[in-house]
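For reference, the structure is listed below as structure tokens.
The values are calculated or read from the model by the stated rules, or taken from the named source; none is laboratory data. Nothing here was measured: the structure is a model prediction, and the numbers come from that model. All Cβ positions, glycine included, derive from the backbone under ideal geometry; neighbour counts span all protein chains shown. To get the accessible areas, we keep the full protein, side chains included, count just its heavy atoms, and leave off ligands, DNA and RNA. Shrake-Rupley method; radii C 1.70, N 1.55, O 1.52, S 1.80 Å.
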Amino acid sequence: MALLEVNGLGIKFGGLRAVDDLTMKINKGQLYGLIGPNGAGKTTVFNMLTGVYAPTNGGFTLDGEALAGRSPIEINRKGIARTFQNIRLFSGMTVLDNVKVGLHNSKKYNVFEGIFRLPRYFREEAEMDERAEELLKVFGLEGEKETMARNLPYGRQRKLEIARALATDPKLLLLDEPAAGMNPNETAELMKTIRYVRDEFDMTILLIEHDMKLVGGICEELTVLNFGQVLAQGKTSEVLNDPEVIKAYLGE
Amino acid sequence: MKKIINKKNIIAAAVAVGVYILITVLCSAGLLSRHYQSLLVPIGINVILAVSLNLTVGFLGELTLGHAGFMSVGAYAGCLFTLYSDLPTVIELPLAIIIGGAVAAVFGVIIGIPALRLKGDYLAIVTLAFGEIIRSVITNLDALGGAGGLKGIDKSSGFTSVYILLLITVLVSVTLVDSRHGRAITAIRDNVIAAESIGINVVFYKLLAFVSAAFFAGAAGVLYGHNLGILKPNTFDFNKSIEILVIVVLGGMGSIKGSIISAVIITLLPEVLRGLDDYRMLIYSIVLIAIMIVNNSSKLKAAKEKFIEKIRSGNTPAKEDA
Ligand SMILES: Nc1ncnc2c1ncn2[C@@H]1O[C@H](COP(=O)(O)OP(=O)(O)O)[C@@H](O)[C@H]1O
Ligand SMILES: [Mg+2]
């Protein structure tokens with residue numbers, strides 16, 4: 001059984017079918033790419049997979065459990081975490097605290113124990129600090145843990161968002177254009193980091209990328225969306241040589 | 001690892017005790033005029049109100065306009081309790097404070113559950129309505145003394161009891177903010193969608209901040225009533241809510257220290273300027289505007305942030321970006 005199974009997923013905004021009849025399977029440990037021209041419906045797919053939008057058609061399962069239409073909070077707790085195309089950090093909090101918010105549900109001390117500084121507060125806070133710093137290290141952010149998130153350079157903000165998502169210990173990580181706004185050097189480095197995350201955390205990653213060359217380098221399989229519909233699907237090398245796909249991109 | 005006993009906490013405790021001793025000595029030595037002595041309780045009450053309101057407005061980022069309403073329901077509940085009980089004061093007053101806080105918190109839950117679920121500034125509208133409705137209900141209830149006020153309350157509270165509640169309020173606010181629960185509250189303020197995406201129970205944490213604020217406002221109301229000996233519904237009007245909001249905004253959203261300092265200044269200011277007669281309100285306004293400008297200057301803010309980051313990261317030289 002695949003980790004994520006998407007079956008005929010679709011959503012309508014008024015008259016617009018933003019995503020129509022999307023079916024795909026992602027196996028555990030896979031690095032999977034969702035590509036397509038601007039406005040194809042990629043982010044909308046993420047919004048359905050994370051409960052921001054309830055699909056109007058079809059559904060999806062994670063580890064066999066149907067999750068379509070559940071709330072974002074529930075879906076995160078079931079094991080899907082994401083980043084956003086337009087970065088959404090907790091800008092007025094430090095880099096470290098951004099990750100620690102991601103660790104929130106992994107700890108159990110209650111409001112009373114927190115306010116009165118009972119032993120479990122100290123123990124679990126220390127565990128959170130340690131874990132958060134480990135995650136920051138993966139992205140080379142450990143030197144900036146006390147920096148306000150809003151004061152980080154753009155590329156580092158994107159990395160921090162991935163670290164925060166990973167803090168929730170997901171089964172499936174959704175990355176929405178993680179390289180957007182980065183220069184070629186930063187992009188190459190990020191791709192390396194993503195592969196490292198997949199290997200080191202045994203993570204399954206679904207990645208949206210606008211730039212086809214980029215995904216070619218790291219994704220094993222691809223789904224190409226165009227005007228909300230699947231244009232091509234399969235092994236990366238085959239999909240990227242598909243004349244339909246080439247036409248959709250050139251015609252953009 | 002974090003510890004309870006560290007340099008910062010020792011200094012804070014020393015300041016807390018020092019301020020208390022200083023004021024007590026000044027009072028007993030007759031160095032503080034009767035007029036200024038009479039301001040100690042109102043200042044303390046305003047600090048409690050401002051610090052607690054800051055939980056909702058500053059840390060959660062939700063505008064509420066009914067803080068005086070919570071103060072009044074707490075005040076009436078606590079004062080009615082002492083009017084009808086004959087326990088010794090040392091037991092009665094703390095019990096009254098808890099009862100007043102709890103009743104205000106219950107109102108907080110009743111108002112918060114529907115209002116905080118909605119997106120947008122519904123909370124501001126609902127709390128505004130709440131404050132005004134409570135005031136007119138009390139005015140028309142003879143059992144609560146009506147417009148004439150609830151009289152005969154024991155004058156059992158003074159600077160000491162207010163100071164103790166103030167310390168508790170500040171302590172609880174500081175520790176709440178610096179916990180996983182406080183971080184969840186601040187995260188919701190900064191980005192609700194992101195907070196949901198990492199599994200933060202948004203409604204619960206909004207309620208937690210809002211209800212904690214209501215609790216302390218209610219508790220402050222109890223001490224207010226037991227200081228004056230009478231409660232009049234018109235004291236808790238919209239202007240009082242706005243006064244507290246002004247204190248919080250001037251002190252800086254999400255700054256507990258700022259709320260404390262701002263509450264002291266704003267409560268004292270009209271009294272200090274009393275001698276200036278006609279110019280009083282003019283100068284008062286100018287000072288408010290000046291504080292606001294200084295506080296919101298982005299250059300000053302950035303400098304402050306840099307400074308704090310430097311201190312926190314333990315004076316390691318700034319690393320160059322790779
Ligand atoms: N909430 C919404 N309401 C109406 N239309 C939407 C909404 N979200 C997305 N769309 C539309 O759906 C289409 C796909 O958008 P999107 O998923 O953001 O594309 P992309 O592939 O670039 O991520 C676009 O035409 C967009 O305008
Ligand atoms: Mg998009």
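Once you average over the residues of B:298-309, how many Cβ atoms of partner chains fall within 10 Å of each Cβ?
2
Using per-residue counts of other Cβ atoms within 10 Å, averaged over each peptide, order A:188-195, A:49-56, B:298-305 from highest down.
Ranking, from highest mean packing down: A:49-56, A:188-195, B:298-305.
Suppose only helical runs count, i.e. DSSP H with n ≥ 4. What mean residue ellipticity at 222 nm does that imply for chain A under -39500 (n - 2.57) per run, divided by all residues and rounded to the nearest 500 deg cm²/dmol?
Result for chain A, helices only: -12000 deg cm²/dmol.
Shielding by partners for A:98-110, please: the mean number of other protein chain Cβ atoms within 10 Å of each residue's Cβ.
Across the residues of A:98-110, the mean count of other-chain Cβ atoms within 10 Å is 5.
Please work out the average accessible area per residue across chain B, using the 1.4 Å probe convention, and give it in Å².
Dividing the accessible area of chain B by its residue count gives 50 Å².
Using helices alone, I'd like the mean residue ellipticity at 222 nm for chain B: each DSSP H run of four-plus residues gives -39500 (n - 2.57), total over residue count, nearest 500.
-24000 deg cm²/dmol
In chain A, with Lys and Arg counted as +1 and Asp and Glu as -1 at Cβ, which of these residues, A:Gly29, A:Asn7, A:Leu231, has the Cα nearest the positive end of the dipole, that is, farthest along it?
Most positive-ward Cα: A:Asn7.
Taking a 25 Å limit on the Cα-Cα distance, which of the listed pairs A:Lys100/B:Lys3; A:Lys42/A:Lys108; A:Lys100/B:Lys304; B:Lys7/B:Lys206; A:Lys108/B:Lys206; A:Lys107/B:Lys257 fall beyond it?
Table pairs above 25 Å Cα-Cα are A:Lys42/A:Lys108; B:Lys7/B:Lys206; A:Lys107/B:Lys257.
Hey, which aspartates and glutamates would be in cross-link range of B:Lys155, C-alpha to C-alpha under 13 Å, not counting anything within fewer than 8 residues on its own chain?
B:Glu92
For chain B, what relative contact order do you get, as a whole percent, if you take Cα pairs closer than 8 Å and at least 6 residues apart?
For chain B, the relative contact order is 30 percent.
Just name one of B:Ile168, B:Ser38, B:Ala147: the one whose Cα is farthest towards the positive end of the charge dipole of the protein assembly as shown (beta-carbon charges, Lys/Arg +1, Asp/Glu -1).
B:Ser38
A:Arg70: accessible area at probe 1.4 Å, nearest 10 Å²?
About 70 Å², ignoring ligands and nucleic acids.
Can you pull the mean other chain C-beta count within 10 Å for peptide B:177-189?
Other-chain Cβ atoms within 10 Å of each residue's Cβ, averaged: 6.
Quantify, in whole percent, the carbon and sulfur part of the accessible surface of region A:1-86 (1.4 Å probe; protein heavy atoms only).
C and S fraction of accessible area: 46 percent.
With a 1.4 Å probe on protein heavy atoms only, work out how much accessible surface B and A bury together, total over both chains, in Å² to the nearest 100.
The B and A chains share an interface burying roughly 3500 Å².
Compute, for chain A, the length of the dipole vector about the Cα centre, with Cβ point charges of +1 (Lys, Arg) and -1 (Asp, Glu) only. Units Debye, rounded to 20.
Roughly 520 debye for chain A.
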